[in-house]
Amino acid sequence: MQFDSLTFVVFFLALMALYQLPWSWNARKWLLLVASFVFYGAWSPPFLLLLIASASVDWWLSLCIAGSTSPPARRRWLIVSISANLGLLGFFKYGNFLNHNVATLLGALGIDWQAPSFDILLPIGISFYTFQSLSYCIDVYRGQVPVQRSLRDYVLFVAFFPQLVAGPIVRYSVFREQLEQPRRSTADGVFVGISLMLIGLFQKIVLADSVFAPVADTGFVIGAEPGVALAWGATIAFSGQIFCDFAGYSMCAIGCAMMLGFYLPDNFRSPYAAIGFSDFWRRWHISLSSWLRDYLYVPLGGSRGSSLFTARNMMLTMVLGGLWHGAAWTFVAWGAFHGLWLGIERAARAAMPNHAWLQAAPLRWLYGLFTLLVVMWAWVWFRAPDFATASKVHMALLGLGETAHVAVSNEARIAMIAFALLWLTHWLTRSLDLRSALSRLPAWCAGLFWGLLLGAIVLSPGAGRAFIYFQF
């Protein structure tokens, strides 16, 4: 069940109608839990059972952690939680990847070993709800949040349907009070929520699926030899597609939650207007980057050591962050490339005096443009099916490909113009609080805004595609 499907519209309207009935808060929480099960079970009932089992185990382990007075016992229970969560994620997401790489390694050593074929299906959203549940157990161990003794409330925290399958990754510290204090739909929440959902659907249906995806697909075909124009057109188009697809989902999730009276944190803040790579990761997939910082980078030692020690921690964090996105070495390369540039940027800032001229608008704009180009270069690994395809696209971007120059297609021109407008919008809104801005819109302006978005969505010719981050 996707946000851009008629099925979801019917589902959500029915839920909103039931949610407004004068039930107790406990009854409404049961309603939300059942709705979340229906939402997720529509993809695969067996994977719904896996979700419930995973959340139930973590709930029980958190009780064991909280109930242990001995630090070694608490640590042992935490290790069990981490092992169970990462073991589950590793089996479903990386089992086939590990088998293939072991077989390849043994083959290089002259050992002919055929990996068993498990045909493991990836449960949708497993990376998101595993990280969400794991962070809760770690926070209980650290004493940063009280243990949740209600199994229903904990499973609702993990399975809350707006953000279940593709984030944002929500911390229990953010959601706990919302579970305890009764939530109701408000006029302002519904107004802003509808606006956010329409913006998200516009980004997904009109921009990601109709404008960017067809152009991006033409440049990343296995065995193809893209020319300069095709390589740049496809890379720019995918840069627009990946943002509009994922940010569109997050926008829908946040808007949907707002209509129910819940708050979900922002996941994107104009990332293509980032000035530097650390700034990019403060703006792109914020819930994941902050999760990696708090639960991986800082425990590894963070920046509490030498420059080399810090660079190592940064690189490990970004490599594992890349691997989180998919079981392929291209994702590892994508993460490592970002880790490299984060390290270079950190070293440059430490070596460069903090002169006022460095903050001049032209220099900041140029560094922002350079950041965007490097980010786009890295997106090639993210999108390419293998290293050979990525290498050909990178060579073509530099004008070193084997294919002669081919004129830019009309579709590619439209995609590049759309991306330029998207980039300009990010610069104009890089400090904007979108929710506050939408809440201040006059009624006539909001009506016109909604009408334009709805018209574009309804008239969009693009074929429906699953959200990209569903595969992660």
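The values are calculated or read from the model by the stated rules, or taken from the named source; none is laboratory data. As the structure is a prediction and not an experimental result, all values here were calculated from the model. Cβ: placed from backbone, ideal geometry, glycine included. Neighbour counts: every protein chain shown.
Sort out which residues of the stretch 16-46 are among the polar types (S, T, N, Q) and either over 26 Å from Gly125 (Cα atoms) or surrounded by 15 or more Cβ atoms within 10 Å (Cβ to Cβ) (or both), and write them in order of number.
Hits for the stretch 16-46 are Gln20, Ser24, Asn26, Ser36.
Taking the stretch 318-329 as the range and being over 18 Å from Tyr297 (Cβ atoms) and either small (Gly, Ala, Ser) or modelled with pLDDT of 95 or more (or both) as the test, the residues that pass are Gly326, Ala327, Ala328. A residue that is assigned to a loop (DSSP other than H, G, I, E, B) and either crowded, with 23+ Cβ neighbours inside 10 Å or free of Cβ contacts under 8 Å to residues at least 60 places away in the same chain (or both) cannot be found anywhere in the stretch 192-209.
Screening Ser290 with (1) farther than 21 Å from Ile169 by Cα; (2) free of Cβ contacts under 8 Å to residues at least 24 places away in the same chain gives one miss only, at (1).
Restricting Leu50, Leu63, Leu106, Leu32 to residues that are more than 26 Å from Leu179 (Cα to Cα) and outside any loop (DSSP other than H, G, I, E, B) narrows the list to Leu106. Annotation note: Cβ proximity below 8 Å between a residue of the stretch 62-76 that is farther than 11 Å from Tyr141 by Cβ and in the same structural domain as Gln148 (by TED's automatic domain parsing) and a residue that is of a type outside the set (D, E, K, R) and crowded, with 16+ Cβ neighbours inside 10 Å (sequence gap 6+ or interchain) occurs for Leu63/Val147.
Phe131 - would you say it is crowded, with 19+ Cβ neighbours inside 10 Å and at pLDDT 95 or above? So Phe131 fails the test. Checking the stretch 76-88 against the condition returns a match, with at least one residue being of a type in the set (Lys, Arg), surrounded by 13 or more Cβ atoms within 10 Å (Cβ to Cβ) and over 30 Å from Met197 (Cα atoms). Please verify whether Ala159 is within 26 Å of Asn267 (Cα to Cα), among the small types (Gly, Ala, Ser) and modelled with pLDDT of 90 or more, treating the condition exactly as stated. Against the criterion (within 26 Å of Asn267 (Cα to Cα), among the small types (Gly, Ala, Ser) and modelled with pLDDT of 90 or more), Ala159 qualifies. The criterion of being surrounded by 13 or more Cβ atoms within 10 Å (Cβ to Cβ) and over 27 Å from the mean Cα position of the chain (by Cα) does not hold for Ala55. Selection of helices (runs of 4 or more DSSP H) fully inside the stretch 219-308 by the criterion of at least 3 residues being in the same structural domain as Gly335 (by TED's automatic domain parsing) and buried (at least 23 other Cβ atoms within 10 Å of the Cβ) returns 228-259. Residues considered: His405, His355. Of these, the only one that is modelled with pLDDT under 80 and in contact with a Gly (Cβ under 9 Å, 6 or more places away or on another chain) is His405.
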